[in-house]
Structure formats: structure tokens, C-alpha cells
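The values are calculated or read from the model by the stated rules, or taken from the named source; none is laboratory data. Since this is a predicted model, take the numbers as computed values, not measurements. Cβ coordinates were reconstructed from backbone atoms using ideal geometry, including for glycine residues, and neighbour counts include every protein chain displayed.
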Amino acid sequence: MIQLEKSLTASLLKKAENSVLNTAHRPSLVMERGEGMYLWDTDGKRYLDFVGGWAVASLGHSPAAVQKALSRQASTLVHASPGYYNRPMIEFADLLTNVSNMDKAFFASSGAEANESAIKLARKHGAVNLNGAHEIITLTNSFHGRSLATMSATGKAKWKELFAPKVDGFKHVPINDLDACFAAVNNHTCAIMVELIQGEGGVHAVDESYLYGLRKICDMYGMLLIFDEIQTGMGRTGKLFAYEYYSIEPDVLTLGKGIGGGFPLSAMLTKSKYDLFEPGDQGGTYTGAPLAMAVGCAVLKELLEQNLAGNAKTQGQYLESGLHELARDFPISAIRGKGLLLAFDVPEGAGSELAAICLREGLLINSPNPTTVRLAPPLIVTQKDTDDMLSILRRALGQLQTA
Ligand SMILES: *Cc1c(COP(=O)(O)O)cnc(C)c1O
């Protein structure tokens, strides 16, 4: 039996090599099944998931709420057309705008599209209200997506020359440096776009006084303040939205990842004041599609009913204290983050080695750069799961060669 499974995996990997474009460093295994905190590969090996599908599997893997919403909606209406309202679209827009204190929603399938929508809305605002201003200020080390415009908005040094020419109109300034931001503003600026915690950038938060300053600058010049909460939103940081920690509201809010619990879904929300799009300005075949909308409703209701943001906060603190304990015995440092978006530093180069050892030991963790390990488990994680994770991590740290 085991032999059969091994040969199945080998033949799948062979086909993958022949037929799947190599756009990611993928280990030699094939994921087959998920349930709660765990994934299983085609050899039947089980993995405790502290990557959470990259902060996506908010309710865990293959959650009942998503299964139910999908099968119910699939047997009612799969697709109507972006040219018609459908019931779950209206219900989800109503629910999401209520809980976020925003007024209007546009839906898409990926985070990049939500940010593209925010960029378009900012340019529209510039065209309509700011004499054609079109520049957007974003942060160094930020991540906003992989479409051409969102790559241009992204502040990754490695991406500077990639796929030239870049989309024009983005200025990057260092995080938590208000003077630098002020200096970058001119009469072509229409918006400032920031992540409240830079996720891909290694889990670095904006300071409260800095965010307050950005709000002031935007108010002063009538520019839009855009929060990219694609990674930090939907309970991830211990509040439904990370901006609640700062008591500072955006004019535009983008959401993705955890919002669909694994189903492709994203949203751009704004205030009535910036309800500027006219028919034709923005759209997409799958905007507000019934399946995604039904899932969005179900995920959000589950987040609220189970108080998963609260669980993220409690379990995040527990995980963080466990990491501090490990830091007494191993070379891990700079433990940081909020709720269940956490990171720590390891010696140069040890990040991917540690992730590889953990994988072997049945634990998934993510290393966004050579010195950083990031953790973003499902929001349903329990203390027992975290204990299990910490003991595997301890074992893995003991095997590190780089340290
Ligand atoms: C993941 C991410 C995106 C891009 O989302 P996709 O769904 O991959 O297009 C944008 N912004 C932030 C902050 C993200 O974490």
C-alpha cells in the first residue's frame, strides 16, 4: 500500500515537472486533503499547518461552513453575470460594510485586483477632485500584489527592475518616517496606501503616531488614505480589522486572503464620499459572483459567531510567549506581530533550512526571507495545537546547522 502511494506521488511529481510552470519553489510532495489545522499529502503524511495557506485558511482547512455555503449556493445559482445583482452579493455587501464601518463594496477574486480597484479609485478621485493628481505614495518593503500596477506599488527592492517598464505614478517612502512621507507629497499626489503590518515584508507594524500623521496629511490635502488589510484583516491580528488597534479609519480598505476562507475572494471598500466609479470604470467577469459571495457571508458569520478574532488574540499571545521561551535556548530573536500574524528572526540563511526541517517533522511554517520565519495559522488554532507546534519547532531548532 505504502509502495503504491509512493509511486503515485512520484508519478504526480513527474507530471507536475512536465506540465506546471515553475513559478514557486515547491517541495517534492503533493497536498491532497485538509481538515481543520492539518493537511495531508498523497503519501498520507500529516502536516500541522502554521502557514494557514498564507493567512488564507481562517476557519481551518475545508471548513464545514464553507462546504455548506458552496453546496447550497451551487445548487441554487452558480453564476448570474456581473451585469445583474444577485442575492448573496447584496447580503454580503450589506454585512461587510456594516462590520467594517465602510459604506460601499466592490468585489473581486484576488488581493491584487482589490488593490487595483483602490488604485483606480484613487486616480479617479485625483481626476475628479484634485486637478488630475495621480501619484500614490506607498512604503518601502511593502507588498500589494503581482499585477503590473500592484507590483509597481509594491516596495520590494528585488522587484524594482522586474518586468520594466513599471506602471508610473508610485513613490516609495520608508515606514514610520513621517518627514519622508511629507517630503514626497506634492500637488500630483492623490493617495497614500499602506499595510498596517507589512506581512510579506517580514511582519513590521506601522507606529500609531505615524498612522495618525498619515491620516492628518491625507485630511490636509484631501488625499485618500488606503489601508491594504488583505493580510491583516478578517480577524487575523486579534481584531476584525487591524485598524481598530489604532482607532484610525481609512477612506479605502482592501481585503483578501482570509475573507474567503480559501475560496478566491477579495473586496475593496470605501466611504460614500468616495463613491466615484461610474458604470464601466471598474468591473470583472467574477465581481460579486454568487458562489464567492455566499462563501464570504458564511466565513464572516462564522468569524463573528465563534469570536475568532478573540481567539486569534488569546492564542497569538500564547504562541508568542512560547516563542519567547524558545528564544532562551535557541538563536531566535525579534519576536513580533499581532494576534496570529507573528514572525521571528533567525541567523542569516536559517529561515528556509528551519522551514525544511519543520516540513520533514510534519509542521508547516513560512520563511518570507532568509532571516525571517512567519506564522499565520488558521484562527481556529487551540492551545493544544500550539503546544504541538512548539514542541516540533523546538526539535527542529535543535537540528539547525546554520545556527
Ligand atoms: C497577499 C497580499 C496581496 C495580494 O493578494 P493576492 O490574492 O495574492 O493577489 C496584497 N496585499 C497584501 C498585504 C497581501 O498580503
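In the range 247-360, which strands (runs of 3 or more DSSP E) lie fully inside it and hold 3 or more residues that are in the same structural domain as Leu95 (by TED's automatic domain parsing)?
252-255, 266-270
In the range 154-198, what count of residues is obtained for those that are at pLDDT below 95 and crowded, with 16+ Cβ neighbours inside 10 Å?
Adding up the residues that qualify gives 2.
Among the residues in the range 225-235, are any in contact (Cβ under 8 Å) with a residue 12 or more places away in the chain and either surrounded by fewer than 19 Cβ atoms within 10 Å (Cβ to Cβ) or more than 27 Å from Glu320 (Cβ to Cβ) (or both)?
Taking every residue of the range 225-235 in turn, at least one turns out to be in contact (Cβ under 8 Å) with a residue 12 or more places away in the chain and either surrounded by fewer than 19 Cβ atoms within 10 Å (Cβ to Cβ) or more than 27 Å from Glu320 (Cβ to Cβ) (or both).
Across the range 196-216, which residue is farthest from the ligand (Cβ to nearest atom) among those that are farther than 14 Å from Asn176 by Cβ and without any contact (Cβ under 8 Å) to a residue 60 or more places away in the chain?
Taking the candidates together, the pick is Lys216.
Among the candidates Glu91, Glu116, which residue alone is among the charged types (D, E, K, R), crowded, with 23+ Cβ neighbours inside 10 Å and in a helix (DSSP H, G or I)?
Only one candidate passes the filter, namely Glu116.
Of all residues in the range 79-102, which are under 22 Å from the mean Cα position of the chain (by Cα), more than 16 Å from Ser266 (Cα to Cα) and touching a residue at least 24 places away in the same chain (Cβ under 8 Å)?
The answer is Asn101, and nothing else.
Restricting to the range 105-148, name every residue that is within 12 Å of the ligand (Cβ to nearest atom) and in contact with a Pro (Cβ under 6 Å, 6 or more places away or on another chain).
Within the range 105-148, just Ser109 meets the criteria.
Which members of the range 243-297 meet the condition of being buried (at least 24 other Cβ atoms within 10 Å of the Cβ), hydroxyl-bearing (Ser, Thr, Tyr) and more than 15 Å from the ligand (Cβ to nearest atom)?
Passing the criteria: only Thr270.
Go through (1) under 19 Å from Gly145 (Cβ atoms); (2) in contact with a helix residue (DSSP H, G or I) (Cβ under 8 Å, 6 or more places away or on another chain); (3) within 16 Å of the ligand (Cβ to nearest atom); (4) not hydroxyl-bearing (Ser, Thr, Tyr) one by one and return the number of the condition Gly235 breaks.
It fails just one condition, (1).
In this structure, does Met151 turn out to be surrounded by fewer than 24 Cβ atoms within 10 Å (Cβ to Cβ), at pLDDT 95 or above, within 15 Å of the ligand (Cβ to nearest atom) and part of a helix (DSSP H, G or I)?
Yes, satisfied.
Taking the conditions exactly as written (over 21 Å from Ser62 (Cβ atoms) and either at pLDDT 95 or above or among the aliphatic types (A, V, I, L, M) (or both)), does Ser333 satisfy them or not? If you could, list the steps in order and put the result at the bottom.
Numbers: over 21 Å from Ser62 (Cβ atoms): yes; either at pLDDT 95 or above or among the aliphatic types (A, V, I, L, M) (or both): yes.
Criteria met by Ser333.
Out of Thr189, Thr140, I need the residue that is farther than 24 Å from Lys257 by Cβ and polar (S, T, N, Q). Which one?
After ruling out the rest, the residue left standing is Thr189.
Among the numbered criteria (1) within 16 Å of the ligand (Cβ to nearest atom); (2) within 30 Å of Thr382 (Cα to Cα), which single criterion is violated by Asp49?
(1)
How many of the residues in the range 296-315 are in contact (Cβ under 8 Å) with a residue 24 or more places away in the chain, farther than 15 Å from Gly337 by Cα and of a type in the set (D, E, K, R)?
Of the residues in the range 296-315, 2 are in contact (Cβ under 8 Å) with a residue 24 or more places away in the chain, farther than 15 Å from Gly337 by Cα and of a type in the set (D, E, K, R).
What about Leu240, is it buried (at least 18 other Cβ atoms within 10 Å of the Cβ), more than 30 Å from Arg395 (Cα to Cα) and within 16 Å of the chain's Cα centre (by Cα)?
So Leu240 fits the description; yes.
Residues checked against (1) surrounded by fewer than 19 Cβ atoms within 10 Å (Cβ to Cβ); (2) not small (Gly, Ala, Ser):
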position: Val346; (1), (2): no, yes
position: Leu354; (1), (2): no, yes
position: Ala376; (1), (2): no, no
position: Asp388; (1), (2): yes, yes
position: Ala396; (1), (2): no, no
